[in-house]
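A.B. asks: I have a structure I would like to understand better, so I am pasting it below and will then ask my questions one at a time.
The values are calculated or read from the model by the stated rules, or taken from the named source; none is laboratory data. Computed from a prediction, not measured in an experiment: that's the story for all the values here. Cβ sites come from the backbone with ideal geometry, for glycine too, and all protein chains shown count toward neighbours. Calculation scope for accessible area: heavy atoms of the full protein, side chains included, ligands and nucleic acids excluded. Shrake-Rupley method; radii C 1.70, N 1.55, O 1.52, S 1.80 Å.
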Amino acid sequence: MVPIKGIYLALLVLVASSSFHSNQVKGDKYEEDEDDYYDSRERVLETSYHGLIKENETFVEITPLIKVDETKVCGFHIIKKNKEIPFQIELVNELGILKAKKSLNCEKRKNYKFDITAVFCDGSHSKSASVHISVIDINEYSPTFLQPSYVTEVDEGRLYQEIIRVEATDKDCTPLFGDVCKYEILTSDQPFTIDNEGSIRNTEPLSHKASHNHILSVVAYDCAMKQSAPVMVNIRVRRVCEAHVMGVAERIDYIANSMESVSLFPKIHLELCDMQCKGEDMVIQSSVSLKTKHISFGCDRDASQCLKKLNEEEQVESGMVDLLQKNTEWTKDLTYDEGTESIFHFDGSSGAIIPKNVLKSQDFAAHQFSIMTMFRHHSIATNDKHTKEHIICSADDHKMNRHHMALFVRNCRLILLLRKNFNDGDLNIFSPAEWRWKVPQVCDNEWNHYTINVDLPKIDLYIDGIKFESNVEDRHSNPEVIDDWPLHAAHGINTTLAIGACYQGSENRLKHGFSGDISEIKLSLRKILTPKQIRCGTDCAEKLLPPPDHFLEPEQQIQSNTQMNKIIIEGSNKSNIEQLLQQIQYINTKDNPTIGRRNIQVMTTVSCPNKKAIRLPTIDTYIMVTSSNISSPPATASSTLYNKILVDKPLTVDQKPQIAITGNSNHLVSYPDIKDGVKILAQINISIYTGKEIRPALQKLDSCNVIVFPSLNPDHEEITIDDKDGTDESLFKFDIKTKISKDGVEMIGYDTIENYQHILKSLVYINKKPAYYLNRVFKLTCSQVDDHFRSAEYTLTLTVLHPKQQPTSAATSSNVVMTVPSVIPTSASDGQIHSSAAVAADSHETNQYAHAMLHSHDIQESQSKVHNLAHDKAQLASSHSTMLIVVICASFVLLICGVGIARLRNNGSGSGASQSQNVDKHQPCPKVAPEQQLDWDDSALTITINPMQNDNLSDESSESENSDSEDEEVINGRYKNVSQLEWDNSTI
């Protein structure tokens, strides 16, 4: 037996050993738990935190959240360094809540940085974490200008790149709220603009007279569009002395037949400001021009009276033969104006033969002579430069076509032909026979006076009274002289003198006619005209009279041109220049002056010696020649009434002329018409009544005005003159000056109503973009005798007919049938087609058709007709788009026809042979809308046509377009298009 003491001792050792081991394990575990505990206390916070706070708030949004375990952490501590930290932190629901102690200001400080630690419940602190907080700006400030107001001065009449610059600032701390991004002028209707930099400039020149200063209200905006308080900007306009001519009336009246002169500028004054030259005299030059190109022959001329007076003064018998007179036997078939002026119109095929009792046959080469003529050549572009247009021609009277003497125009050259006879020299000796002058006046479409003095071998040409002298460069070729043999002997042949053309003896007719207007053709036989006589015939009866010589001072000059329609005054004394200008006068010595307007132009330049001249603004005024109080003898009853109406006051209702303008008040136009151009006043008629009668003597006008409302857009609108329908291809035959602008047409000139109507009816309005407009309004007024009598306003509304879109609807089905005329002639205008479509739409408001066509069938025509390829292709394209529907509908119709025929056959077989004979083979098929264009299976069908209807269709479609070749494509022996059916009319 083991002793009890021994067992007890063994147990004790075992327990001790076990206890020691247990205590050792517990000690190691405690040490490890203690280390984890201290690590977790240090790592309760993140390394860093970022926060955002608005200026008007105190709560800080922290990222990431400050989250801790409240069983271990009981608070937080902000570590303050050198500066005061305006934040506090609290522990709420295991979160660290950071707040500002007061409202922050981003403008003072944008960012804050500090450290925080977590405070454990035992009072110890964790490791610190950095906190970065940014203050978010709010738009609390408005922009403010640096100055309370702005004042500046500018010169009138100038455009500035920058007048003044305003500047504003914003106290907000961020670019969105703190930068100024825009400036704006609140004051409306001011000619100024401002950019985003605050620079103000004017958009048009300023005028001191219109406004001495401009006060603007300007505001600024930050980038968030917060507006500032307005600031006043005062822009003062300095008056700038602009050199110009003053004291010129807008209009000067002159009474016809007064034979007195009238001063043009009695109150003229030169405003030269402070212009001066250092140590030298200033040079002033003023020119006064009389513009009369639109009057009569370029001015009022009175050649016959002038020559008569000249011959009486010199006691010389006139040897002039007038070959072109009104109311004579040889000119009665010519076209001429009914006015007082002698103007004959030649169209290239007209002319007149001078009778022998007026002028016998002449040998022009044997004696000296002169030709005096005034004409206006119609320059027509032609490829034939050899066309001769004769003014006068002496040629063989029969059998042959030899030209002895002729004056004609060819290739813009004035040519004199003069052939010597056989008895004037050796037949084998060349001698000058043709003189060709190349002068621009021949083809300038203006009236010009020509005189040719022939004194062989010397020949002189005078144009408008001035002797033609060739330039140094072409003195050997202008005029070009062509030599020729003398004419051979021809016994029993005399000459025939013709004007406006040349007589062809072998053909017994006039040929080589003149195209243009001729006022006079005169011959001076066996003597030539003197330069004084030539000038007398070409001088204008209306002219400018220069100042008398006694008004001249030393170093002053006065120059006048030969036509006396321009005067130039030059000097250095301003007062004397003004005095000389005040003495310039206008006079018209013609017995029957042309009533109307004459334009006057004053141009002035100022310069220092050897320096560039400064041109003053041009002054434009006009002289209005009005009828006189005394009627010109001999006075007819009509002219007496005319003068009475113009002079006596007050006028009775029966005496007062009434200008009546009639015509259509509305005009509908389609797109193609208005793009090509429409004659807007083609239907007007103008008449002048006195009481209830039309007086022929009163049928003249001074002016007509066409006003367009609204004004034209030059980008795509214009008004032109188209005179293709007239007898002449130009309008220069009229004494009417026409001016076309975006506001309308202005016509000025004393002329007949017929001529005014011709121009008005030739006005063409073109609009390349008609879709932009609904209508245009044209207002026409005309006046007579210097606006004493004016017509009522005639108004024409031009309406653009916009294309109507064809209605489409999904409700169209096989049971809807639309009746459309089978043929509509293609000559119908677009407007008529649109009107027809509109009527059809109104009459069938309940039914809409998706693909309604105007033609149910096209008639085959010969290829000689006009063919519209675009229309056919469009029609073909439309048919392709519905091909699937067409095939389905065709199958449906054929099915119905087949069922109907089958039922009839069944009924016929049951009723006996007698009944089967009564069955009609031509069973009607259901009607199909024309637009469905079915491919018929007509192998078992015979279609019966009304012969009368067929004839009508053929007549109506005689002007229709041919079918396109694509429409005649054959598929399986049948036409592809239903509109090209081959009808079987064998049963007709």
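A.B. asks: Check which residues have an amide H placed less than 5 Å from residue 301's amide H, if you skip close sequence neighbours.
C.D. replies: Under 5 Å from the amide H of residue 301 lie the amide H atoms of 541, each far enough along the sequence or on another chain.
A.B. asks: Give me the net charge for the shell around residue 468: Cβ to Cβ below 11 angstrom, other residues only, Lys and Arg +1, Asp and Glu -1.
C.D. replies: Around residue 468, the surrounding residues sum to -1.
A.B. asks: Under a 5 Å amide H to amide H cut-off, with H placed in plane at 1.01 Å, what residues pair with residue 397 once short-range neighbours are removed?
C.D. replies: 494, 495, 496
A.B. asks: Sticking with this structure for a sec: What is the spin-label model distance, in nm, from residue 209 to residue 278 if the labels are put 7 Å beyond Cα along the C-beta direction?
C.D. replies: Distance between label points: 3.3 nm.
A.B. asks: Using a cut-off of 15 Å between beta-carbons, work out the net charge of the residues near residue 778 (Lys and Arg +1, Asp and Glu -1, residue 778 not included).
C.D. replies: That works out to 0.
A.B. asks: Rank 57, 520 by accessible area, highest first, at a 1.4 Å probe radius?
C.D. replies: Reading off the accessible areas and sorting them downward yields 57, 520.
A.B. asks: Still on this structure, I have one more. Sorted by packing (mean other beta-carbon atoms within 10 Å per residue), highest first, where do 600-612, 531-543 land?
C.D. replies: The densest-packed peptide leads the list: 531-543, 600-612.
A.B. asks: May I pose another question? Amide H neighbours of residue 668 under 5 Å, at least 5 residues apart or on other chains, H built in the peptide plane: list them.
C.D. replies: Here 799 satisfy the definition.
A.B. asks: Between residue 152 and residue 232, what length in nm is gained on full extension when 0.36 nm per residue of separation is reduced by their alpha carbon distance?
C.D. replies: Roughly 27.7 nm would be gained on extension.
A.B. asks: Continuing with this model, one more query. Quick one: which of 113/171; 385/511; 291/458 span more than 27 angstrom between C-alpha atoms?
C.D. replies: 291/458
A.B. asks: Sorting check: for 551-563, 761-773, which peptide has the highest mean count of neighbouring beta carbons within 10 Å, and how do the rest follow?
C.D. replies: Result, highest mean Cβ count within 10 Å first: 761-773, 551-563.
A.B. asks: If a/c stays under 1.5 just call it rounded; otherwise compare a/b with b/c (prolate if a/b is bigger, oblate if not). Do that for region 302-537, with a ≥ b ≥ c from the square roots of the Cα gyration tensor eigenvalues.
C.D. replies: Rounded shape, in that the Cα axes give a/c under 1.5.
A.B. asks: Tell me, what HN-Hα J-couplings in whole Hz come from the Karplus equation 6.51 cos²θ - 1.76 cosθ + 1.60 at θ = phi - 60° for each residue of region 711-720, using x for Gly and Pro?
C.D. replies: 3J(HN,Hα) across region 711-720, in whole Hz: 4, 5, 9, x, 5, 9, 10, 6, 10, 10.
A.B. asks: Round to a whole angstrom and tell me the spacing of the C-alpha centers of region 107-145 and region 476-526.
C.D. replies: 116
A.B. asks: To continue, here is another question. Between residue 662 and residue 190, what FRET efficiency follows from the Cβ-Cβ distance if R0 is 35 Å, with the result rounded to 0.05?
C.D. replies: My answer for the efficiency is 0.15.
A.B. asks: For the full complex of protein chains and a 1.4 angstrom probe, list 512, 345 by accessible area with the highest value first.
C.D. replies: Largest to smallest exposure gives the sequence 512, 345.
A.B. asks: How much net charge surrounds residue 562 when only other residues with a Cβ under 13 Å from its Cβ are counted (Lys, Arg +1; Asp, Glu -1)?
C.D. replies: Residues close to residue 562 contribute a combined charge of +3.
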